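Report on one structure; see the data block that follows.
We did not get these values from a lab; they are worked out from the coordinates using the rules stated. All of these numbers come straight from a predicted model, not from anything done at the bench. Every residue, glycine among them, receives a Cβ derived from its backbone with ideal geometry; neighbour counts consider all protein chains shown.
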Amino acid sequence: MKRIGYSGFRNERAAKLGLKCLAIAVLFLMGLGGLVYPVYSNVQELEGGIAAMKSKLAEQDVYLPYYAKLQALQKNVPSLSLPLVKKAPLERNQAFGVVEEVERIAHGAGMDTLDIGVDQGALRAGLETTVLTGVFSGHKESFYDFYVAVESLPYVRKVKKVELRAVPGGVEVFLELAILIQR
């Protein structure tokens, strides 16, 4: 039988101790990595967000002079003041009088009436609104006065459609109005 000496025992013990220390060091580093990695990835994500914000700020710096010019131009634009009128429905038997009134407004503003009519089907059905459609022509300067006067009629619920088309000598206007009718 061989006798293990003190030096052999010591080497074996040192080897086990070294392996234990190595295992503890590896586990410690893995634990440290497990704690550090989420923080590190969060920091990377935040740095990416900061870089994106810096690029947006640089882009805004490029557009800032143009924005200042637009703001200055906007201060010089005249405001469009339309009169506010309390809306009230029109008597059903007066619905066709709207055609004559809109024609009178058009002529008063310097516009010519090419075509105008009221939806008779809505009147027969007893609906609360009917549609007036009209085509007018005239100078573009006349259109504003015409539009404001028509829009301020108390029984015009809303302007459903406005189409302007340039024609020789002025504009041609297609107008569609929703007219309130009393039931």
Selected from Val62, Val99, Val131 as most flexible by GNM, with the chain as the system and alpha-carbon contacts under 10 Å: Val62
Which value in deg cm²/dmol, rounded to the nearest 500, describes the helix-derived mean residue ellipticity at 222 nm for the chain, given -39,500 (n - 2.57) per DSSP H run of n ≥ 4 and division by the residue count? -19500 deg cm²/dmol
Whole-Hz Karplus couplings 3J(HN,Hα) for segment 155-166, θ = phi - 60° and coefficients 6.51, -1.76, 1.60, Gly and Pro as x, run 9, 7, 5, 6, 8, 7, 7, 9, 10, 10, 9, 6
If amide H atoms are built 1.01 Å from N in the plane of the peptide, which residues on other chains or at least 5 residues away come under 5 Å of the amide H of Leu114? Val135, Phe136, Ser137
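Can you check how the C-alpha radius of gyration of segment 92-180 compares to 2.2 N^0.38 Å, as a plain ratio?
My calculation over the Cα atoms of segment 92-180 gives 1.06.
How high is the relative contact order of segment 86-183, given as a whole-number percent (alpha carbon pairs under 8 Å, six or more residues apart)?
It rounds to 35 percent for segment 86-183.
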Computed over the chain: longest principal axis from alpha-carbon atoms vs helix 97-109 long axis, angle to nearest 10 degrees, is 90
Can you give the angle from 0 to 90° between the axis of helix 140-151 and the longest principal axis of the chain, with both taken from C-alpha atoms, to the nearest 10? 90
Check: C-alpha center segment 6-66 vs C-alpha center segment 109-143, spacing in Å is 75
Convex hull (Cα only) mean projected area of the chain, reported in nm² to one decimal: 27.8
Count charges around Val171 for me, please; just the other residues with Cβ under 12 Å from its Cβ, Lys/Arg as +1, Asp/Glu as -1. -2
List the aspartates and glutamates whose Cα sits under 19 Å from the Cα of Lys140, skipping any in the same chain fewer than 8 residues away. Glu103, Asp112, Asp115, Glu151, Glu163, Glu172, Glu176
For the chain, what relative contact order do you get, as a whole percent, if you take Cα pairs closer than 8 Å and at least 6 residues apart? 20
Around Tyr155, which amide H atoms from residues at least 5 apart in sequence, or from another chain, sit under 5 Å from its own amide H, with H modelled in the peptide plane? Ala88
